[in-house]
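These notes concern the structure reproduced below.
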Amino acid sequence: MEKTTNLAKLLLVLIVFCLSSGLVWADNSPVILQISNNDEIAGNIAIELFPDDAPVTVENFLKYVNDGFYDGLVFHRVINGFIIQAGAFYPDLSYNTPTYPNIINESANGLSNLRGTLAMARIYAADSASSQFFINQDDNIGLDRAYAYDGVGYCVLGKVIDGMDLVDAIAETPTDLAWFPYYNSLMNYVPQTPVVIEQAYVRIFTADSCDLSDVPFLCAKPGEVRTYRGQGGLTRHGYVQRASYQQMLGVNCLRIDESYNPRINEESFCILAARDTRGNCWIFMLVENGQVQFKAQSLQQIIPFSTMDNSYFSLMTENYDQDEHVLPNLSAEAAEKFEDFEGETVLVIDVDDDDTETGQSYYNETMGLVLKVLDSTGDLDGDGWFLDQQPTAITISKSSFKAGKTAQSDSFSVAGIVDDLPTDEQAEPADFLSLRVGPYTVDIDLEADGWKDSDTSHSYKGSTDGTDQLTFNVSTKKNTFSIAGKKVDLFGLSYPIAVEIAIGDYHAMGLVPEQGKALPITFLSGYGDFMRVMAKNVKLKLDKKGRENADSLTVQGELALEDGFVNLNEQEVTVYWGETYGDSIPIGGLIRKGPGNKYTYKKAKDFGGTISSALFDLDKGIFKIVVKNASLGPEPDGAVEFTLQIGDFMQIVPVEL
């Protein structure tokens, strides 16, 4: 076995690099060999490394991997029923000179050269391994130190955990004699068609792994909300895309929720994705129409964007036929319709995968999707959606509720502000009303059921079931609205009361803790939120002498969860301040007080954490967190990111002090 292995560097180097640079890295993250052989053999081989058993060998292997040394090299020695070897030669059999010194042989680690194991190749000298490696296709215990003819053997540093079918396919590929300029001789067992390692890498994720703001078509970053208005046959339809942070498998992911508003149907879309340090985008979870299509249970199971046979991901990865499916510029008609947009690209995609109906998607490099047209004519005014450049929020500022003496005799009123309400010439904001007050829900097609409007206001008065009495007013001049209902059934008026309102494409949701109180949380347009945090009162006290672990922080604010009755005693709660501080309240630390949803925490004297106390009152929608004896410096220059994570859900809130 004369050569050295390039794969051997991946894992250890990664571990050492991560520990020294503060990267977020998950244990047992495999080395990935991306293999290609003119599409006859293609796929990934995932390798788990054994840094505890072969620390020097793994570190060396990972250095080569992280340097990109193996990228573009081939499996140059393939013996069916024995091994496949790589790590030194390009497809033309030119030599890639190792960049690090040879390493000691750790073959005495007790690991055996069994089928699927990764080992380092070497020449006759015991400590001559450098970049070349091989994968055992069969049990080859004759290569172990205990049985080797030279009494040294070959060091095992890992094993294949996924992709042995590719290993077998490579081993079975036809081979022949070939001339190696480096050795100035012919060598046997060389694949007739090169089997190339396109990439060798370890998936490393940093704190910024959730930043996919520059991914084509997606163009989303946490905190961004996009509202799409319907046109054509979807005039009163629309949907919302919301971007947020969420941790999964220890990695900061970007979460995109796409849901329809009003809820004419149950169509929805949710994806959790992250990007590693090599720029590869990975999918952690995908949910469509409420059904989980894919959910990784470990980092070994996450899948790349490029594997998704879906036009949505094709757009994001630019994985489509640019000659047939892309028109480089907007047509004159489209340019006139979207005169505010520059640099759009028109993509023609097959809607029903039957090669008959097509749709057009217009997207902008900085804005993402601009327009989707779904009808077969491709008409810009056909059925579809277009981006609302100024998503509007509803603020619910006043509310009152009154219980009647009998069923169907309760009443309520809700009022507030609709920010930047468009005029009639731009859009009609009040053509559809969707309302939920506690258990009472109603959808009103105002256009069909009758309403009155003028240049500055819209009003509606009527009944949806012949019994209830509803009135609805919206002023485009004052940007205000009010909704009142009589003779409705609120089923007992038990507080807190959840209120959800959709006026056309605009949406708000909040929780009324008790009679006479305003709703504490204002939600932006769209559905599908899981947690919303607002920091209202923040006090930071840094030690004047600059001593470590002598700073304190108090954060008070408002909080709402989609499910207001989550048991916080079963959740870990983590607090981050800027890029330097993070600490957690462990599972079981928050104690429920009384029959409601109020939880408190007080640090025990023998516990080493820095979170001194905490209060979460889900009924009132408030929280308070006190941090003491922590290092929170330096003095902030501008806004600081306060991050609250409850279980799997996370939100980052910029705080101005």
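Are any residues in segment 194-211 under 17 Å from P30 (Cβ atoms) and hydrophobic (A, V, I, L, M, F, W, C), and if so, which ones?
I197, A200, V202, I204, F205
Every residue in segment 126-147 that is farther than 25 Å from G68 by Cβ and touching a residue at least 40 places away in the same chain (Cβ under 8 Å), please.
From segment 126-147, those farther than 25 Å from G68 by Cβ are 126-127, 136-147; that's our starting set.
Correct list: N136, Q137, D138, N140, L143.
Tell me which residues, restricted to segment 84-96, are in a loop (DSSP other than H, G, I, E, B), of a type outside the set (A, V, I, L, M, F, W, C) and surrounded by fewer than 20 Cβ atoms within 10 Å (Cβ to Cβ). Can you show your working first?
Going through segment 84-96, the residues in a loop (DSSP other than H, G, I, E, B) turn out to be 87-88, 90-94, 96.
So of that shortlist, the ones also of a type outside the set (A, V, I, L, M, F, W, C) come out as 87, 90-92, 94, 96.
Y90, P91, D92, S94, N96 - these are the residues of segment 84-96 that are in a loop (DSSP other than H, G, I, E, B), of a type outside the set (A, V, I, L, M, F, W, C) and surrounded by fewer than 20 Cβ atoms within 10 Å (Cβ to Cβ).
Pairs please, first residue from segment 43-59 and within 16 Å of I135 (Cα to Cα), second anywhere and among the small types (G, A, S) and assigned to a loop (DSSP other than H, G, I, E, B), Cβ atoms under 6 Å, 6+ apart in sequence or on different chains.
Listed by first residue and then by second, the contacts come to N44/G163; I45/G163; A46/G163; T57/A8.
Looking at G588, G596, G633, which one is exposed (fewer than 13 other Cβ atoms within 10 Å of the Cβ) and either assigned to a loop (DSSP other than H, G, I, E, B) or over 28 Å from the mean Cα position of the chain (by Cα) (or both)? Please lay out each step first, then the result.
On the way: G596 fails: exposed (fewer than 13 other Cβ atoms within 10 Å of the Cβ); G633 fails: exposed (fewer than 13 other Cβ atoms within 10 Å of the Cβ).
After ruling out the rest, the residue left standing is G588.
Taking T99 and the conditions (1) farther than 25 Å from N184 by Cα; (2) surrounded by fewer than 24 Cβ atoms within 10 Å (Cβ to Cβ), which numbered condition does it fall short on, given that it satisfies the others?
(1)
Would you please name the residue that is modelled with the lowest pLDDT, looking only at residues in segment 569-603 that are out of contact with any Gly (no Cβ under 9 Å at 6 or more places or on another chain) and of a type in the set (A, V, I, L, M)?
Taking the candidates together, the pick is I587.
Output the strands (runs of 3 or more DSSP E) that fall wholly within segment 8-83 and possess 3 or more residues being at pLDDT 65 or above and over 32 Å from the mean Cα position of the chain (by Cα), or say none.
Details: elements: 31-37, 41-49, 75-79.
Those strands (runs of 3 or more DSSP E) span 75-79.
What is the number of the single condition among (1) closer than 23 Å to G250 by Cα; (2) in contact (Cβ under 8 Å) with a residue 24 or more places away in the chain that V626 does not meet?
(1)
Answer yes if at least one residue in segment 615-624 is of a type in the set (V, I, T) and surrounded by fewer than 21 Cβ atoms within 10 Å (Cβ to Cβ), and no otherwise.
Pass one, segment 615-624, residues of a type in the set (V, I, T): 622.
Narrowing the set further to residues that are surrounded by fewer than 21 Cβ atoms within 10 Å (Cβ to Cβ) leaves 622.
Yes, there is a match, as at least one residue in segment 615-624 is of a type in the set (V, I, T) and surrounded by fewer than 21 Cβ atoms within 10 Å (Cβ to Cβ).
The values are calculated or read from the model by the stated rules, or taken from the named source; none is laboratory data. Keep in mind that what you see is a predicted model, and the values were worked out from it rather than measured. Cβ: placed from backbone, ideal geometry, glycine included. Neighbour counts: every protein chain shown.
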